[in-house]
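Heads up, the thing below is written out as structure tokens.
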Amino acid sequence: MKKILLVFLIVYNLVFSIDNVFVFRNKGIINVQLPFTSELVLPLKNEENIIFLEKSEFYKVDYSDLKYIEFLIVSTKEDLQNHLSKEVKIINNNPLVLERRDSSEKYVYFYHPQLNLWCKTEKNNLEALLYNKRLIAKNAEGTLLISKPMSWNLIYDLKTNGDLYLTYMISGNLDKQSNVFLIDSYYQSDLYSTTNLKKQTLYEQNYQNSENFGIPEIINEKAVINLGKVEKFNGKYFKVFKLGTIKSYEDIPSLSFNFYTNSFENKFFNIYRLFENSKDNGLGVPLLSGQIRIYERYNDTEFIKYISNLPKTGENKFSEINLGEGWTVYANLELIDNYKTEKFEERTFKIHIFNTENTKRKIMISISGNNLELRRINSSMEISKKIVLKDKIKLYLIIDKSGVLDISLRSNHKNN
């Protein structure tokens with residue numbers, strides 16, 4: 001039995017000295033490069049699964065049934081409490097393993113599923129107890145991929161001085177310090193097929209060469225984040241990076257409605273924080289979609305004022321963060337005319353807009369629909385910018401105290 005345990009420990013140390021972990025949104029992948037091993041016995045946790053082994057004469061996943069561990073039967077489930085008279089703690093859930101809090105205790109206690117009895121074994125058998133699931137392979141070599149339950153998410157913090165921080169939150173566990181790379185996509189079972197192995201190797205080279213820790217990089221259409229060294233953990237792990245400092249932004253009152261809207265009164269505008277994601281403006285990195293906390297300072301205290309969502313934003317693109325409904329700009333909408341034919345429908349709106357601020361404001365009007373065409377526009381306000389698309393028309397205007405916008409739009413039917 002000593003010989004078997006020795007082989008077990010050698011393989012354990014060999015494999016888990018490899019420390020590259022790729023975490024998808026819904027799954028973690030341990031990536032191991034195996035040297036040629038004639039007789040491979042690899043311990044696995046119950047929740048770990050083999051998804052790919054590049055070369056082997058054969059391999060299988062087996063359960064050791066605890067046959068390599070010397071143990072003593074101590075009690076049934078009912079009288080365990082009487083046997084363990086001292087305070088205990090749970091050190092593993094699957095399989096269930098208990099330990100007395102007394103530091104001088106030399107044993108751990110576990111529930112044997114075949115015997116339906118509680119047993120005890122020496123602490124130096126703990127690794128063999130926890131890793132009773134094993135990969136057994138002959139003449140194995142090359143890439144070995146092991147999946148495990150892990151996931152990640154993110155949240156942004158935008159401070160009053162424009163500093164933008166990004167916190168990555170990983171759920172799961174790592175058994176040792178590892179190089180961790182986050183992949184902004186969901187794991188699919190066929191992703192690591194043999195035909196994709198060369199492509200995967202190319203990805204890994206790109207990941208390894210990345211030194212922009214915490215900054216998303218676009219590699220083959222996927223966003224990849226190199227977190228660098230991550231300490232071992234069991235539960236949740238947080239790592240914070242500063243992405244940059246936004247130099248300038250605008251808070252723009254915005255009104256959105258659909259082409260088929262009839263009318264409304266006293267509708268307040270939503271406020272959108274608009275900034276350019278460029279190096280000149282202090283950022284210029286890919287921004288993944290995620291929750292954002294926006295701070296404001298009152299006297300000497302900085303506090304969270306808004307919680308919103310930062311949309312996915314590429315480099316040199318504009319990002320719009322919805323800060324919710326405002327109080328100072330509102331509008332009345334009136335449908336003036338509606339004309340239909342077999343080929344199109346044309347509608348004319350009159351929008352009265354009111355600004356209770358004492359200064360001029362830039363505002364935005366957005367109208368959504370299908371196959372839109374801008375037919376006519378007339379406004380008492382300055383129109384600073386027009387964006388005309390098939391599914392949306394955006395107008396940026398400058399308002400003082402009030403203003404009126406007359407606009408005619410046509411929605412062309414798809415079959416014409």
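The values are calculated or read from the model by the stated rules, or taken from the named source; none is laboratory data. What you see is a predicted model; the values in this text were computed from it and never measured. Positions of Cβ are backbone-derived with ideal geometry, glycine not excepted, and every protein chain shown enters the neighbour counts. SASA here: full protein model, heavy atoms, side chains in, ligands and nucleic acids out. Shrake-Rupley method; radii C 1.70, N 1.55, O 1.52, S 1.80 Å.
For the Cα atoms of the chain, what angle does the longest principal axis make with the long axis of helix 2-15, in degrees from 0 to 90, nearest 10?
Result, in degrees: 20.
For LEU115 and ASN92, compute 0.36 nm times the residue count separating them, minus their Cα-Cα distance, and round to one decimal in nm.
Values: separation 23, 0.36 × 23 = 8.28 nm, distance 1.90 nm.
Taking LEU115 through ASN92 to full extension adds about 6.4 nm, to one decimal.
Please give, to one decimal in nm, the separation of the simple spin-label points placed at GLU342 and ASN139, each 7 Å out from Cα toward the Cβ.
Distance between label points: 7.5 nm.
Hey, in the GNM for the chain with a 10 angstrom Cα cutoff, which one of PHE24, PHE268, PHE58 fluctuates hardest?
The residue that fluctuates most here is PHE58.
For the range 309-385, state which trypsin sites (Lys or Arg not before Pro) are in a DSSP loop and have at most 10 other beta carbons lying within 10 Å of their beta carbon. Walk me through the numbers on the way to the answer.
Numbers: sites: LYS312, LYS317, LYS340, LYS343, ARG347, LYS350, LYS360, ARG361, LYS362, ARG375, ARG376, LYS385; in loops: LYS312, LYS317, LYS343, LYS360.
Passing both the DSSP loop test and the Cβ count: LYS343.
Provide the FRET efficiency to the nearest 0.05 for the SER171-ASN332 pair, computing r from the beta carbons and using R0 = 41 Å.
Details: r = 48 Å, r/R0 = 1.18.
Computed FRET efficiency for SER171 and ASN332: 0.25.
Using a 1.4 angstrom probe on heavy atoms only, work out the carbon and sulfur share of the accessible area of the chain in %. Please list the in-between numbers first.
Numbers: 10600 of 22490 Å².
Ligands and nucleic acids excluded, carbon and sulfur reach 47 percent.
Quickly estimate the mean residue ellipticity at 222 nm for the chain, helices only: each DSSP H run with n ≥ 4 gives -39500 (n - 2.57), and the total goes over all residues, rounded to 500. Provide the component values of the computation, followed by the final result.
Working: 4 runs with 36 residues, N = 416.
Rounded to the nearest 500, the figure is -2500 deg cm²/dmol.
Once fully extended, how much extra length lies between SER402 and LYS242, figured as 0.36 nm per residue of separation less the alpha-carbon to alpha-carbon distance? All intermediate terms of the calculation are to be shown ahead of the outcome.
Working: separation 160, 0.36 × 160 = 57.60 nm, distance 4.12 nm.
Gain on extension, SER402 to LYS242, equals 53.5 nm.
Rg(Cα) of the chain divided by 2.2 N^0.38 Å? Could the numbers behind the result be given before it?
On the way: Rg = 30.8 Å, N = 416, 2.2 N^0.38 = 21.8 Å.
Normalised Rg, Cα atoms only: 1.41.
Rounded, prolate or oblate: which one fits the range 322-364, using the alpha carbon gyration tensor with axes a ≥ b ≥ c (rounded when a/c is under 1.5, else prolate when a/b beats b/c, else oblate)?
On the way: a/c = 3.69, a/b = 2.58, b/c = 1.43.
Because a/c hits 1.5 or more and a/b exceeds b/c, the range 322-364 counts as prolate.
Which FRET efficiency value, to the nearest 0.05, is calculated for ASN299 and VAL388 with the Förster distance at 56 angstrom and r the Cβ-Cβ distance?
On the way: r = 45 Å, r/R0 = 0.81.
Efficiency, from the Cβ-Cβ distance: 0.80.
For Cα pairs less than 8 Å apart in space and 6+ apart in sequence, what is the mean separation divided by the residue count of the range 95-141, i.e. the relative contact order in percent?
On the way: 39 pairs, mean separation 12.3, N = 47.
Reported relative contact order: 26 percent.
For the range 248-308, build the convex hull from the C-alpha positions and give me its volume per residue in Å³.
151 Å³
Normalising by the residue count of the chain, find the relative contact order in percent from Cα pairs under 8 Å and 6+ residues apart.
On the way: 979 pairs, mean separation 55.1, N = 416.
Contact order relative to length: 13 percent.
As an exercise, use a Förster radius of 35 Å and the Cβ-Cβ distance of GLU231 and LEU80 to find the FRET efficiency, rounded to the nearest 0.05. Each step should come with its number before you reach the end.
Values: r = 34 Å, r/R0 = 0.98.
Result of the calculation: an efficiency of 0.55.
So if each residue of separation counts as 0.36 nm, and I subtract the Cα-Cα distance between GLU105 and VAL61, what length gain in nm does that give? Before the final figure, lay out each step's value.
Numbers: separation 44, 0.36 × 44 = 15.84 nm, distance 3.35 nm.
Taking 0.36 nm per residue and subtracting the Cα distance, the gain is 12.5 nm.
Might you tell me the accessible area per residue for the chain, computed with a 1.4 Å probe and given in Å²?
Working: 22490 Å² over 416 residues.
Value for the chain: 54 Å² per residue.
For labels at GLU54 and GLU221 in the simple 7 Å Cα→Cβ model, what's the distance in nm?
Taking the two extended label points, one gets 2.5 nm.
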